[in-house]
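A.B. asks: Below: one structure in structure tokens.
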Amino acid sequence: MVFPIGDDNRDRKTVPYVNYLLIALNIFVYVYWQGLGRNDNFTLAFSTIPAEVLSGQDITTKSGLGITPQPVQLTLITSMFMHGGLAHLLGNMLYLWIFGDNVEDALGHVKYLFFYLLCGVLASLSHVFSTVVFGGGMYVPSLGASGAISAILGAYLRLYPGKSVHLWIFFLIISVPAFISVGIWFAFQVVNGLGALGGQEAGGVAYAAHIGGFVFGLLLIGTFAKGFIARRRAAKNRNRWI
């Protein structure tokens with residue numbers, strides 16, 4: 001059992017209001033609209049269904065897919081705020097709580113929100129694309145904040161590779177650089193994803209969305225955080241000459 005419990009926030013300069021809002025919204029949707037996971041009609045209506053996204057048509061089936069009261073492409077966003085169970089929700093919110101605040105600090109509130117939503121959509125599209133390419137379940141619902149949070153981890157790795165992340169390993173708490181903790185997480189996604197190519201879910205997890213989100217976050221943060229990266233580079237250069 002290995003999972004993060006915190007990181008070094010001594011250099012954070014702003015209050016992560018957007019990150020708090022995202023966490024609160026995810027919890028609210030799961031508790032109120034999903035009825036703690038018991039409202040299957042709502043969950044199936046607003047989850048991402050690859051066949052619907054590709055066709056642009058709402059699909060109903062005898063197996064449970066009901067009417068989606070919105071353009072089906074918007075499920076790429078609505079699905080980001082739903083979860084398949086309490087453990088799924090708590091795990092995602094733990095990662096968002098630990099890593100999201102620092103990325104928001106680097107980007108600013110508005111850019112962070114746009115980055116989160118954009119990468120979440122791209123992660124869901126990664127799942128849809130891999131489902132088509134590798135012959136996955138076209139009618140299997142996909143939901144959860146994992147894709148967007150994976151992008152946050154990719155961004156965190158690029159922005160703060162040496163920042164200390166505190167891990168709980170069985171009965172020990174240790175601190176390791178972010179490139180180790182996040183690197184281990186990504187390696188786990190890749191290894192498990194090898195058995196779930198094409199968006200097929202292994203143990204209920206769409207690893208293609210995790211991997212896609214991480215890669216998009218890692219790449220796009222260079223554009224979103226140009227100012228932060230430039231300021232940090234300038235500070236390093238000044239310190240070098242002191």
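Read-outs throughout are calculated quantities, based only on the coordinates presented, and are distinct from any laboratory measurement. If you're wondering where the values come from, they're calculated on a predicted model, not measured in any experiment. Every residue, glycine among them, receives a Cβ derived from its backbone with ideal geometry; neighbour counts consider all protein chains shown.
A.B. asks: Using only the alpha-carbon atoms, what does the stretch 82-201 span along each of its principal axes? Please give whole angstrom values in decreasing order.
C.D. replies: 41, 38, 26
A.B. asks: Expressed as a whole number of Å, what is the distance separating the alpha-carbon centroids of the stretch 23-75 and the stretch 106-138?
C.D. replies: 17 Å
A.B. asks: Most exposed first by the Cβ proxy, i.e. fewest other Cβ within 10 Å, how do PHE179, PHE171, PHE188 rank?
C.D. replies: PHE171, PHE188, PHE179
A.B. asks: At 222 nm, what value in deg cm²/dmol follows for the chain if DSSP H runs of at least 4 each add -39500 (n - 2.57) and the sum is divided by all its residues, to the nearest 500? Display every interim value, and only then the final one.
C.D. replies: Working: 10 runs with 141 residues, N = 242.
Mean residue ellipticity at 222 nm (helix-derived): -19000 deg cm²/dmol.
A.B. asks: Additional query: State, as an integer percentage, the relative contact order of the stretch 2-241 based on alpha-carbon contacts under 8 Å between residues 6 or more apart.
C.D. replies: Once normalised by length, the contact order is 24 percent.
A.B. asks: Identify which of the listed values of Rg and Dmax of the Cα atoms in Å was calculated from the structure shown: [x] 18.5, 71; [y] 19.4, 57; [z] 17.0, 52.
C.D. replies: It is the one labelled [x].
A.B. asks: If you take the beta carbon distance between ILE169 and LYS236 as r and set R0 to 35 Å, what does 1/(1 + (r/R0)^6) give as a FRET efficiency, to the nearest 0.05?
C.D. replies: So, using R0 = 35 Å, E works out to roughly 0.65.
A.B. asks: Determine, for TYR20, TYR116, the number of other Cβ atoms within 10 Å of each Cβ, and report the residues in order from fewest to most.
C.D. replies: Ordered from fewest to most neighbouring Cβ atoms within 10 Å, TYR20, TYR116 come out as TYR20, TYR116.
A.B. asks: Counting pairs on different chains as well as pairs 8 or more places apart, how many Lys pairs in the chain have Cα atoms under 24 Å apart?
C.D. replies: 9
A.B. asks: While we're on this one: Does the stretch 118-184 come out rounded, prolate or oblate, given a ≥ b ≥ c as the square roots of the eigenvalues of its C-alpha gyration tensor, rounded meaning a/c under 1.5 and, failing that, prolate meaning a/b above b/c?
C.D. replies: Taking the square roots of the gyration eigenvalues as a ≥ b ≥ c, the stretch 118-184 is prolate.
A.B. asks: Between 0 and 90 degrees, rounded to the nearest ten: what's the tilt of helix 109-134 against the longest Cα principal axis of the chain?
C.D. replies: 50 degrees
A.B. asks: Which angle between 0 and 90 degrees, to the nearest 10, do you get for helix 17-28 versus the longest principal axis of the chain when only C-alpha atoms count?
C.D. replies: That works out to roughly 30 degrees.
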